[in-house]
Amino acid sequence: MSGAGISTSCGLPDFRSDKNSFWEKNKPVHFSDFKDSKESRVKSWENNIAIQQKIKGTESSNMHKCVNKLLKINKKNFHITQNIDGLHKIEDGNADQVLELHGNIFNAYCLNCGQAFETENFFNLNVKTTGDSICPSCKNGYVKVGTISFGQKLKTSVINSAKKASENCDYFIVMGSSLKVSPANSMLTIAKNNGAEVIILNKDPTPFDSEASIIINGDLEKIYNEIR
Ligand SMILES: [Zn+2]
């Protein structure tokens, strides 16, 4: 299971320890505001486009690539991630193994009919020209980027798959997560309760360190270089 730490090692700013105030300038819009106001919808879209621009210039880390190798080696390996940046690269054939708890920034969906759109296309063709994000398909719902906003419910199907993967694993490896956000941290508890060994690779100590058999504190890329 990965968190922001696996991506900050490639230069992406972290929401919680943001030195360059990127997130300050692109303050997240609450889900209820998105539904209630046109201005909030446009703001939310602009934020997501700014984040996407930032991600576009960022390369996946060696740790990301290492995880993908593990997915390829064994179809029973899963990657649960809290990240929306897509740097974990869903590749051909591994889509079922990558469980994005907080969604993904590259796809957008209509909140009413579920129609999917590519984020940047939708922004250029609809939000920019109409000043809102009304669905061109059902003309009745708002199209929202696929990342989970504050106040928005997580996708039940993804949560259930993540729970199942956690229940069945032999090793639960945490990479770059402070384990302060639920339900991500509850996956560790599920794994532990079902007999898994817990390994934590993170910059700082976490509230779940007492559950782990192995803890390595450090930058993820440095850890990768040591253990590869
Ligand atoms: Zn629609």
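Where a number appears in this text, it was derived from the coordinates with a stated rule and is not lab data. Predicted, not measured: the structure shown is a model, and the values here were computed from it. Cβ: placed from backbone, ideal geometry, glycine included. Neighbour counts: every protein chain shown.
Largest mean-square fluctuation among N94, N104, N74, in a Gaussian network model of the chain whose springs join Cα atoms under 10 Å apart, belongs to N74. Connecting C-alpha atoms closer than 10 Å in a GNM of the chain, tell me which of C135, C169, C113 has the biggest fluctuation. Most flexible of the set in this elastic network: C113.
Can you check what the net charge comes to around H79, using other residues whose Cβ is under 13 Å from the Cβ of H79 (Lys, Arg +1; Asp, Glu -1)?
+3
Measuring from each cysteine beta-carbon in the chain, the ones with no other cysteine beta-carbon under 4.7 angstrom are C10, C66, C169. Among T58, T119, a tally of other beta-carbon atoms within 10 Å of each Cβ gives an order, fewest to most, of T58, T119.
Relative to the longest principal axis of the Cα atoms of the chain, the long axis of helix 184-193 lies at roughly 30 degrees. Each 5 Å bin from 0 upward holds the following percent of the Cα-Cα pairs of the chain: 1, 7, 14, 18, 19, 16, 12, 8, 4, 2, 0.
Bridges between two residues of the chain, per DSSP, are antiparallel at a rate of about 35%. For the chain, adding -39500 (n - 2.57) for each run of n ≥ 4 DSSP H residues and dividing by the number of residues yields -10000 deg cm²/dmol at 222 nm. To the nearest ten degrees, helix 62-73 and the longest principal axis of the Cα atoms of the chain are 80 degrees apart.
Along the chain, the longest continuous region that contains none of the GluC sites (Glu not before Pro) in a DSSP loop with at most 12 other C-beta atoms within 10 Å is 92-228. Quick one: grab the alpha carbon gyration tensor of the stretch 62-186, order the square roots of its eigenvalues as a ≥ b ≥ c, and give me rounded if a/c is under 1.5, else prolate or oblate depending on whether a/b is larger than b/c. Prolate, since a/c reaches 1.5 and a/b exceeds b/c. Among the listed pairs K25/K139; K54/K139; K75/K192, a Cα-Cα separation exceeding 28 Å is found for K25/K139; K54/K139.
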